[in-house]
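A short worksheet on the structure shown next.
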Amino acid sequence: MPAASPDSSLWIGEWLVNPALDTISRGAETHKLEPRTMRLLMCLAQAEGRSVSLDHLLAEVWTGVVVGSASVYQTVSQLRKLLGDVESPPRYIATVPRKGYRLVATVRPMEAPADTAPRSAESAPPAEAEPSAAAAPPAPAHAAAPKRTRTWIFWGTGIFVCCAAALAFWGKKLPLLAPATAAANSIAVLPFVDMTADKSDQSLCDGLTEELSNWLSQIPTLRVVARTSAFAFQGRNEDVREIGKVLDTTHLLEGSVRHFDDHIRVTVQLIDAHDGFHEWSSSFDRTASDTIALQEDISRAVAETLKIQLTPEAQREFAARRTADPNAYRQYLLARHLDQQATSEATDEAAELYAQVLKADPHFVAAYARLARARLNQSYYRSTPASELAAGVEPLIVTALGIDERYADAYAVRGALRAAQGRNPEAVEDLKRAISLDPSDMAAFAELGRIQLFEGRPREALESYEHAVSLDPLNGVLHNQRCMALEDLARYDEALQACERARALLPYSDLAFDTLSWLAESRGSIDEALRWNSAAIKADPHPDVELYRTRATLYLVLGLAAPARKALESGHGPTQQFEAAALARTVFCEGGTDALRRYLSSVRLDQSTESIPLMEAAYAHLLLGDAAKVKELIARALSAPDLQTGFADGPWDARGQSDTGSSYRVDLATAELSLGERADAERELDIVLAMLNRMIAGGVERYATYELRAKVYALKGRSDDAMRDLDKAAALGWRRTWWASHEPYFAALESRNDYQTLLARVAASNEKLIERVQSDPAL
């Protein structure tokens, strides 16, 4: 049993213990411990299975307080109840007669596998969570997008806005989670300390820190840890060796800034993260007008100390980061500080400062790229349509590349812009160019992974996310996205570990809970998915309506209409038509075609001008057998002004990220077949089939993907192929038997004995699952 660090997160039996936050978690169940209770638990864990006396516990846990042994008895009793250690023999804390207590559960580091590993997504469902209510980080939202789509579809840099905000909020509370072995030469620039008497220069310190990281990233073979993880240690008094382990780096650069009159003194130390020794330190006295030379001097000194030869390319990149106007550079540093606040107001201020910098120095290439990125972030906060993005961003990128055609950040920003415009091939090309010029560009790796996962290429996405996480190991959003890539690959145990890590890093966010809910759903564990969904709703003081829509979707998988209606009525959509569309499937599940026809007439869903309600109305008419109406409504949806590029027509929907995981092309083809338009239907089905084949070849292993391909095969008359894929879907967790019996897609299979046998087998399994859901008051 390894010794437990007093600060690091670790597993004790089935519980994830987070001393930094005084929490223990198992599945979706989370308890906040009193600090002394946590110290007692850690004291037992550090004993490595040996008994700990009452006197030792009193001395370690109740230091400086005069109490008796009753305090120990009471605290141990409370801890046992929280751990669920109420049976004999004990599974966690054993009493050692006349000696004290002993921890009998296995203790292991956060990432170590063991027999007592946390239950996987298909095992016993977790209990209700009781997360602390706190402000969540800003999350991208589109009024008419499903929750899991909301997690993904936002303008380029939105993910990094989210990450920065989360780390700003939780930076002083992050648990220390150590990844793998550090690269040969790697460095993290820790936040510089403001030594000015009135502490008024923190923004300058943060700007210097941020910009110095960017200077260092120009040095070849030096991996630079991303700012978001490095700044997690701001204001924390941690051992540098422990920080090195957590950030997976060989070296740390720390410093302080003192500003007086027109002078600035910066003291820096380069530290070996393995042993904590200072390899180099120096003080730089500069006039305020000479700040930019300071960045270059420090970067060159680091390279020299680490015996890294500066190539002509690095020298050229250094030159590109210079500006001749010292006041402009100081404004630039302040803008960099504001950039990282991840709020709409701070982003607006940063954009204004960058614009002022460019007025003072129209040749400062870095300011062009940063202003372009700030404007992308502004569009994220304001939900600017993709069609309006380019006018404010494109000219800045063109100018930046005109000044320096090899400026990495300009390519990264253009890649984010192209992704927001739906021009993914061009986005990928730009992002890969940015990475080739700056291999420490975490944002480019993450945006590339987002595109690859969205396009149904999880193997490539996972590789991109692994790079991003290696550069930014404390970024909970990245771990959450990595979980999703692993889920697509059906590597469920690894996906669960990644999600748990995201949950530890973002303990007050609904993000990881929501991903865990879909992870459980993808394996057919609907009861567990509902519990994670409940935890997500509780984690957010103002739950997003999409969490309730997810809940309704989970109930409807099993054909449970009443709780689905209750879930939808608990949340409110952005428009009346959106709410009406969300309820249509529930109405059909409740009362069949007659009820659905009356409902559509009463809410006038067919008259909507919004894409999602129109698509939902088309599906409803497909259930009613009105093929001509289906074609009309789909045509109107495709010309609706709010239609998102690729909506209901791409790999993301084919993964099961909408209510049916279907494609509008399949609905359209079904209607066309009913109308005798075979050639048109075959054309639509072939488009979907080619996409699904690419996804499966790319590693996607999800029941919804195989279910959709089974629908295509059934509509094309390839019944044996349809049954093969439906069998595969069932093995992966498919449970939609109620819908298979009521939708028209599998009509060609109804006469087959193997089809009826499959439905009966899955339905029998569903009955047991329904009993568990209905008997659990928490669900």
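Can you pull out the residues in the range 428-439 that are open to solvent by less than 20 Å² (accessible area, probe 1.4 Å) and in contact (Cβ under 8 Å) with a residue 60 or more places away in the chain?
Within the range 428-439, D438 is the sole residue that qualifies.
Looking at R735, is it open to solvent by 20 Å² or more (accessible area, probe 1.4 Å), at pLDDT 95 or above and in contact with a Gly (Cβ under 8 Å, 6 or more places away or on another chain)? Explain how you work it out, then say what you get.
Numbers: open to solvent by 20 Å² or more (accessible area, probe 1.4 Å): yes; at pLDDT 95 or above: yes; in contact with a Gly (Cβ under 8 Å, 6 or more places away or on another chain): yes.
Judged against the criteria, R735 is a match.
For residues that are acidic (D, E) and in a strand (DSSP E or B), tally how many sit in the range 6-40. Steps first, please.
Start the filter on the range 6-40 by keeping residues that are acidic (D, E), which leaves 7, 14, 22, 29, 34.
Among the residues that remain, those that are also in a strand (DSSP E or B) are: 29.
Total satisfying the criteria: 1.
Of the residues Y745, Y755, which is farther than 17 Å from A564 by Cβ, assigned to a helix (DSSP H, G or I) and of a type in the set (F, W, Y)? Even if it seems obvious, please write down each step before you answer.
Working: Y745 fails: assigned to a helix (DSSP H, G or I).
Step by step, each of Y745, Y755 is checked, and only Y755 is farther than 17 Å from A564 by Cβ, assigned to a helix (DSSP H, G or I) and of a type in the set (F, W, Y).
Check whether at least one residue in the range 364-379 is open to solvent by 10 Å² or more (accessible area, probe 1.4 Å) and more than 21 Å from A444 (Cβ to Cβ), and report yes or no. Walk me through how you get there before you give the answer.
As a first pass, look at the range 364-379 and keep what is open to solvent by 10 Å² or more (accessible area, probe 1.4 Å): 368, 370, 373, 375, 377-378.
The next check asks that each one be more than 21 Å from A444 (Cβ to Cβ); those that pass are none.
Scanning the range 364-379, I find no residue that is open to solvent by 10 Å² or more (accessible area, probe 1.4 Å) and more than 21 Å from A444 (Cβ to Cβ), so the answer is no.
Applying the selection to the range 382-436, what residues are in a helix (DSSP H, G or I) and β-branched (V, I, T)?
Of the residues in the range 382-436, the ones in a helix (DSSP H, G or I) are 382, 386-403, 408-420, 424-436.
V393, I397, V398, T399, I403, V413, V428, I435 - these are the residues of the range 382-436 that are in a helix (DSSP H, G or I) and β-branched (V, I, T).
Can you find a residue in the range 362-375 that is among the charged types (D, E, K, R), out of contact with any Cys (no Cβ under 6 Å at 6 or more places or on another chain) and outside any helix (DSSP H, G or I)?
Of the residues in the range 362-375, the ones among the charged types (D, E, K, R) are 370, 373, 375.
Those left that are additionally out of contact with any Cys (no Cβ under 6 Å at 6 or more places or on another chain): 370, 373, 375.
Restricting the remaining residues to those that are outside any helix (DSSP H, G or I) gives none.
So far as the range 362-375 goes, no, none of its residues is among the charged types (D, E, K, R), out of contact with any Cys (no Cβ under 6 Å at 6 or more places or on another chain) and outside any helix (DSSP H, G or I).
Test of understanding: among A4, A28, A20, which residue is open to solvent by 20 Å² or more (accessible area, probe 1.4 Å) and either of a type outside the set (G, A, S) or modelled with pLDDT under 85 (or both)?
On the way: A4 fails: open to solvent by 20 Å² or more (accessible area, probe 1.4 Å); A28 fails: open to solvent by 20 Å² or more (accessible area, probe 1.4 Å).
When all the criteria are applied, what remains is A20.
From the list T228, T249, which one is among the β-branched types (V, I, T), closer than 30 Å to Q309 by Cβ and part of a helix (DSSP H, G or I)? Outline the logic, then answer.
Details: T249 fails: part of a helix (DSSP H, G or I).
Just a single option satisfies the conditions, and that option is T228.
Just the residues that are surrounded by fewer than 24 Cβ atoms within 10 Å (Cβ to Cβ) and hydrophobic (A, V, I, L, M, F, W, C), please, taken from the range 452-461.
Passing the criteria: only F454.
Given the criterion open to solvent by 20 Å² or more (accessible area, probe 1.4 Å) and free of Cβ contacts under 8 Å to residues at least 60 places away in the same chain, identify the matching residue among D776, D725, D720. Before you say what the answer is, go through the steps one by one.
Values: D776 fails: free of Cβ contacts under 8 Å to residues at least 60 places away in the same chain; D725 fails: open to solvent by 20 Å² or more (accessible area, probe 1.4 Å).
D720 is the lone residue from the list that is open to solvent by 20 Å² or more (accessible area, probe 1.4 Å) and free of Cβ contacts under 8 Å to residues at least 60 places away in the same chain.
Scan E684, E707 and give me the residue that is open to solvent by less than 20 Å² (accessible area, probe 1.4 Å) and in contact (Cβ under 8 Å) with a residue 12 or more places away in the chain.
Of the residues listed, the single one that is open to solvent by less than 20 Å² (accessible area, probe 1.4 Å) and in contact (Cβ under 8 Å) with a residue 12 or more places away in the chain is E707.
Based on what the data block shows, is C162 modelled with pLDDT under 75, part of a helix (DSSP H, G or I) and hydrophobic (A, V, I, L, M, F, W, C)? Steps first, please.
Numbers: modelled with pLDDT under 75: yes; part of a helix (DSSP H, G or I): yes; hydrophobic (A, V, I, L, M, F, W, C): yes.
Considered against the rule, which asks whether it is modelled with pLDDT under 75, part of a helix (DSSP H, G or I) and hydrophobic (A, V, I, L, M, F, W, C), C162 comes out as yes.
Return yes when T609 is on the phi < 0 side of the Ramachandran plot and assigned to a loop (DSSP other than H, G, I, E, B) and no when it is not. Reasoning before the result, please.
On the way: on the phi < 0 side of the Ramachandran plot: yes; assigned to a loop (DSSP other than H, G, I, E, B): yes.
Yes, satisfied.
Filter the range 761-779 down to the residues that are among the small types (G, A, S) and either over 18 Å from L556 (Cα atoms) or in a loop (DSSP other than H, G, I, E, B) (or both) and list them by number.
Residues of the range 761-779 that are among the small types (G, A, S), as a first pass: 763-765, 775, 778.
The answer is A778, and nothing else.
Looking only at the range 260-286, count how many residues are out of contact with any Asp or Glu (no Cβ under 6 Å at 6 or more places or on another chain) and either polar (S, T, N, Q) or within 16 Å of N185 (Cβ to Cβ) (or both).
So in the range 260-286, the residues out of contact with any Asp or Glu (no Cβ under 6 Å at 6 or more places or on another chain) come out as 260-264, 266-268, 271, 273-278, 280-286.
Subsequent filtering for residues that are either polar (S, T, N, Q) or within 16 Å of N185 (Cβ to Cβ) (or both) retains 267, 271, 273-274, 280-283.
Adding up the residues that qualify gives 8.
One residue is enough: does the range 216-223 have a residue meeting the conditions closer than 25 Å to A502 by Cα and among the charged types (D, E, K, R)?
Among the residues of the range 216-223, at least one is closer than 25 Å to A502 by Cα and among the charged types (D, E, K, R), which makes the answer yes.
For the range 505-525, enumerate the residues that are assigned to a helix (DSSP H, G or I) and open to solvent by 10 Å² or more (accessible area, probe 1.4 Å). Working first, answer last.
Filtering the range 505-525 for residues assigned to a helix (DSSP H, G or I) gives 505, 511-522.
Listed by number, the residues that qualify are L511, W518, E521.
Go through E528, E460, E487 for me and flag whichever is closer than 23 Å to S9 by Cβ, among the charged types (D, E, K, R) and either more than 16 Å from the chain's Cα centre (by Cα) or modelled with pLDDT under 90 (or both). Step through it out loud before you land on a result.
Values: E460 fails: closer than 23 Å to S9 by Cβ; E487 fails: either more than 16 Å from the chain's Cα centre (by Cα) or modelled with pLDDT under 90 (or both).
The match here is E528.
Would you tally the residues in the range 210-230 being at pLDDT 85 or above and open to solvent by less than 20 Å² (accessible area, probe 1.4 Å)?
Just the residues of the range 210-230 that are at pLDDT 85 or above, to begin with: 222-226, 229-230.
Restricting the remaining residues to those that are open to solvent by less than 20 Å² (accessible area, probe 1.4 Å) gives 222, 224-226, 229-230.
Within the range 210-230, residues that are at pLDDT 85 or above and open to solvent by less than 20 Å² (accessible area, probe 1.4 Å) number 6.
Quick one: which of E304, E254 is at pLDDT 80 or above, open to solvent by 60 Å² or more (accessible area, probe 1.4 Å) and within 15 Å of L216 (Cβ to Cβ)?
Working: E254 fails: open to solvent by 60 Å² or more (accessible area, probe 1.4 Å).
Result: E304 is the single residue among E304, E254 that is at pLDDT 80 or above, open to solvent by 60 Å² or more (accessible area, probe 1.4 Å) and within 15 Å of L216 (Cβ to Cβ).
Anything in the range 437-461 that is part of a loop (DSSP other than H, G, I, E, B) and out of contact with any strand residue (DSSP E or B) (no Cβ under 8 Å at 6 or more places or on another chain)? List them, or say none. Let's see the steps before the verdict.
Taking the range 437-461 and keeping what is part of a loop (DSSP other than H, G, I, E, B), we get 438-441, 455-457.
Selection gives D438, D441, E455, G456, R457.
Please enumerate the residues belonging to the range 331-351 that are at pLDDT 80 or above, under 28 Å from E405 (Cβ atoms) and open to solvent by 20 Å² or more (accessible area, probe 1.4 Å).
Q331 - this is the single residue of the range 331-351 that is at pLDDT 80 or above, under 28 Å from E405 (Cβ atoms) and open to solvent by 20 Å² or more (accessible area, probe 1.4 Å).
If I ask for residues that are surrounded by fewer than 20 Cβ atoms within 10 Å (Cβ to Cβ) and free of Cβ contacts under 8 Å to residues at least 40 places away in the same chain, which ones from the range 738-754 would you list?
Just the residues of the range 738-754 that are surrounded by fewer than 20 Cβ atoms within 10 Å (Cβ to Cβ), to begin with: 738, 741-744, 747-748, 750-754.
Of everything in the range 738-754, those that are surrounded by fewer than 20 Cβ atoms within 10 Å (Cβ to Cβ) and free of Cβ contacts under 8 Å to residues at least 40 places away in the same chain turn out to be S741, A747, A748, E750, S751, R752, N753, D754.
The values are calculated or read from the model by the stated rules, or taken from the named source; none is laboratory data. Keep in mind the model is a prediction, meaning the values are calculated, not measured. Neighbour counts run over all protein chains shown; Cβ positions are idealised from the backbone, glycine included. Accessible surface is based on the protein model in full, side chains and every heavy atom, while ligands, DNA and RNA are left aside. Shrake-Rupley method; radii C 1.70, N 1.55, O 1.52, S 1.80 Å.
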